[in-house]
1. Taking the Cα-to-Cβ direction at residue 18 and at residue 94 and moving 7 Å from each Cα, how far apart do the two end points lie in nm?
2. Which values of log₁₀ I(q)/I(0), to two decimal places, follow from the Debye formula for region 47-106 at q = 0.13 Å⁻¹ with a uniform point scatterer at every Cα?
Amino acid sequence: MKSFSNNLLLILALLITLSMTIFYFSPSILSGGKILNGNFNNGSMTQSNIEIERVIVQNGDTLWNLARRYYGTKTDLREVIYEIKEINNMNNSDIRPGQQIKIPIE
C-alpha cells in the first residue's frame, strides 16, 4: 500500500511540474516564440515582418513625433515608441539632435 501511495505522489508531482512548465512557456509557444509588450503577438510587429529605417534626429523631434510621422493613426503609437526604445536599447524617451535611431517599418 505504501508503494502505491508513493507512486501516486510521484505522478502527482510530475503532473504539477508539467502543468507549471506548460503555463510558464505557453505564451511563447502559442505565439511562435514572439511576445510583444508581454502580450501575445498579433502579428502587428514581428521580427520577421519589419524593416529598420535609420533616422537622424532633428531639432524638435520626439519619439512621439517620429512614431506619428512613420505610422500615422494606423497603430497605437505607444507600442511603436516601445518598439523604438527596445530596438535602440533606450531606457527612456530622451533623444537629441544628431542622434541616429532605428525606426521599425512594417
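Read-outs: derived from the displayed coordinates by stated rules, not from any lab. Here the structure is a predicted model, which is why all the values come from computation and not from measurement. Virtual Cβ from ideal backbone geometry, glycine too; neighbours counted across all protein chains shown.
1. 5.2
2. With one equal scatterer per Cα and no solvent, log10 I(q)/I(0) is -0.29.
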